[in-house]
Structure formats: structure tokens, C-alpha cells
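Undergrad: I have a structure I would like to understand better, so I am pasting it below and will then ask my questions one at a time.
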Amino acid sequence: MNDMTEIVRRTLVAMDPSIAQGLERRENHYQGQTSAHRLLYDRKEAARQLSISVRSLDYLIAAGKFETRRIGKKVLVTHNR
């Protein structure tokens, strides 16, 4: 599990402990599926990688949990190692 996923997981579980079961089921479902890591992700792809909604990602970005870069109007989330 990468750093970005772990931060989101801890934040969501702290907000609602019942989320942990759903996240565990998802992790088991996607286990074994890998993707190449990119340096930047658009908001939609970052949310998909984290298994959360784009709106939830926006809240986490606003809270300073993720580093972002802008290219024009497009907001890109950096990949934390």
C-alpha cells in the first residue's frame, strides 16, 4: 500500500470506523492488480486509485493531506513515495 492510500485510509477510518470493513473488502478484491506509478494524477484518476469519490479527494486536498500541482486550470495530485 502506498503512502497516499495509507493517509486516506487512516483519515476515513478515523472519521467512521465502519469504513474499515469496506476498505478491507476492496483491498482484497484489487489484490494482485498492479498499475505503473505515475508522478502526477488528475483528480479523477487519483480518486479512483484511492477508491474514494472526487469530492472526498477535494476535501483531503483542501485539508492539505495531498500535494498538488496546477497546469492551467487542471489540478494534478502528486504521487507520494
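The values are calculated or read from the model by the stated rules, or taken from the named source; none is laboratory data. Note that the coordinates shown come from a computational prediction; the quantities given were computed from them, not determined experimentally. Cβ coordinates were reconstructed from backbone atoms using ideal geometry, including for glycine residues, and neighbour counts include every protein chain displayed.
Undergrad: Please go through region 8-24 and give me each residue that is within 14 Å of the chain's Cα centre (by Cα) and modelled with pLDDT under 80, ordered by number.
TA: V8, R9, L12, V13, L23
Undergrad: For region 25-77, how many residues are of a type outside the set (A, V, I, L, M) and modelled with pLDDT of 90 or more?
TA: Summing the residues that are of a type outside the set (A, V, I, L, M) and modelled with pLDDT of 90 or more in region 25-77 gives 22.
Undergrad: Output the qualifying pairs, or none if there are none: Cβ atoms under 9 angstrom, residues six or more apart or on different chains, first residue in region 39-68 and aromatic (F, W, Y), second residue loosely packed, with under 15 Cβ neighbours inside 10 Å and assigned to a strand (DSSP E or B).
TA: As it stands, the answer is none, since no pair meets every condition given.
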